Amino acid sequence: MIRNLLRAAFFLFVISETWATADAQTLVLTGGTVYASPEAAPLADAVIIATNGVITAIGSRSEVQIPADIRVIDCTGKTIVAGFWNSHVHFTEPVWRNAGAAPAVTLEAHMQEMLTRWGFTSVWDLGSDPDDSLPLRRRVNSGEVPGPNIFFAGNMFPKGGHPVYIPREVPLPEVATPEEAAKLSRDYLAMGLDGIKLFTGAFMGDRPVVNMEPAVARAAVDVAHGQGKPVFAHPQNKTGVDTVIEAGVDVLAHTASSQSGYTPEQLARFKSQGIALIPTLSLFTTVVLDPAVTERVVAAAVGQLKQFSDNGGVVLFGTDIGFIKLYDTSREVELMHRVLGERQVLASLTTNPATYFKATNKGRVEKGFDADLAVLDGDPLADVRNLAKVTYTIRAGQVIYQKP
Ligand SMILES: [Zn+2]
């Protein structure tokens, strides 16, 4: 009887092993130079094996045996780094409308133009219509539409703070009281969103910036933090930055171009509270039309990035694409590189967001990590612009973009 049970158990074991092998998705990259992390020494002529979405082996060609009969991508002459994060995007362009039913080819084409051809394997959407974006994420995660891992933050605006650059007919959720903010925060997270985005300052054109009351912001933050979720904020001006600090917000979604520099008090609080910054520098080159004004605004934003980074703050790469149409990441990395080293820019795209958002299996090219990779046509530590020259984007061992 016992022997029969053992035999049955063994049989089941064999069956499941066979199934796992037949079902296994394996991808091998050979010949590239790997930076396992921004601080790591390069590994030349490397072999990376990804099985079922995870890196199962990495080493030099002499160290790693390449399995037979599986897809091998020759990466000779290329540089391989962890897949990139864009921590500030929006799925709000007309192409995403009715994304639950739209043709997959249309969605794939735009996903490629906007994100996957720039190496992005994880993105934070800081405000879109969940009726479109949640079905879009389902189709991406099913593999029907090749795309990145998507996180969503639900946005909320101060009472009377409908920014001038968002058409009046687009309904925006405004909150007047702490109770309203707490309720909206709960509703967003119950819907399946992953965080909250507050407009602690809303740009009103010729009229004064409308700021969110700190107590209102605090109520939204408390609900999110109670569920372990991050809170982002669009600060707009000094009061908006101070509200971020007072309310316990985690991430500044922009530099504040209307403030000439962060104050020593602000920098001290950024550090003690662990606040992160998404610079969105190239955004400022697209929204102002007078070139002299643009250069002044960009210089102020770059100066804030330098202050913030020198202060030891966590910098997260982000461009606000979707709101702007500058999908090419070259300008953003070049502007960041005015004050950050190549390794710091690479960290803002990989290790910094993975660590900050507690995605502990992402951000590095190491055994046991998710096989999220960007294969670049050039060494990004030799020339930071190579970060925008992507040959392959791989998410969980699946090629989601291949340069034609
Ligand atoms: Zn934005």
Which numbered condition trips up G127, out of (1) under 30 Å from D372 (Cα atoms); (2) open to solvent by less than 30 Å² (accessible area, probe 1.4 Å); (3) not in a loop (DSSP other than H, G, I, E, B)? (3)
Inspect all residues belonging to the range 134-152 and state whether any of them is within 16 Å of the ligand (Cβ to nearest atom) and part of a loop (DSSP other than H, G, I, E, B). no
From the set of residues in the range 208-239 that are touching a residue at least 40 places away in the same chain (Cβ under 8 Å) and open to solvent by 30 Å² or more (accessible area, probe 1.4 Å), which is nearest to Y188 (Cα to Cα)? K229
Extreme residue, surrounded by the fewest Cβ atoms within 10 Å (Cβ to Cβ), among residues of the range 60-113 that are closer than 25 Å to P42 by Cβ and within 16 Å of the ligand (Cβ to nearest atom): N86
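Table: residues versus (1) outside any loop (DSSP other than H, G, I, E, B); (2) open to solvent by 10 Å² or more (accessible area, probe 1.4 Å).
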site: Q266; (1), (2): yes, no
site: R269; (1), (2): yes, yes
site: L281; (1), (2): no, no
site: V293; (1), (2): yes, yes
site: V298; (1), (2): yes, no
site: A301; (1), (2): yes, no
site: G318; (1), (2): no, no
site: D328; (1), (2): no, yes
site: V333; (1), (2): yes, no
Given (1) open to solvent by 10 Å² or more (accessible area, probe 1.4 Å); (2) within 30 Å of V105 (Cβ to Cβ); (3) modelled with pLDDT of 95 or more, number of the condition K358 does not satisfy: (2)
G31 - would you say it is modelled with pLDDT of 90 or more, at positive phi and either crowded, with 17+ Cβ neighbours inside 10 Å or within 16 Å of the ligand (Cβ to nearest atom) (or both)? yes
Among the residues of the range 159-169, is any of a type outside the set (K, R), within 30 Å of R385 (Cα to Cα) and in contact (Cβ under 8 Å) with a residue 12 or more places away in the chain? no
If I ask for residues that are surrounded by fewer than 17 Cβ atoms within 10 Å (Cβ to Cβ) and outside any strand (DSSP E or B), which ones from the range 38-52 would you list? E39, A40, A41, P42, N52
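Yes/no matrix, rows are residues, columns are (1) in contact with a strand residue (DSSP E or B) (Cβ under 7 Å, 6 or more places away or on another chain); (2) more than 14 Å from the ligand (Cβ to nearest atom):
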residue: L281; (1), (2): no, no
residue: A300; (1), (2): no, yes
residue: F308; (1), (2): yes, yes
residue: G313; (1), (2): yes, yes
residue: I321; (1), (2): yes, no
residue: Y327; (1), (2): yes, yes
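The values are calculated or read from the model by the stated rules, or taken from the named source; none is laboratory data. These numbers were taken from a predicted model, which means no experiment stands behind them. Counting neighbours? That spans all protein chains shown, and the Cβs are built from the backbone with ideal geometry, glycine included. Just the protein is used for accessible areas: all its heavy atoms, side chains included, with ligands, DNA and RNA removed. Shrake-Rupley method; radii C 1.70, N 1.55, O 1.52, S 1.80 Å.
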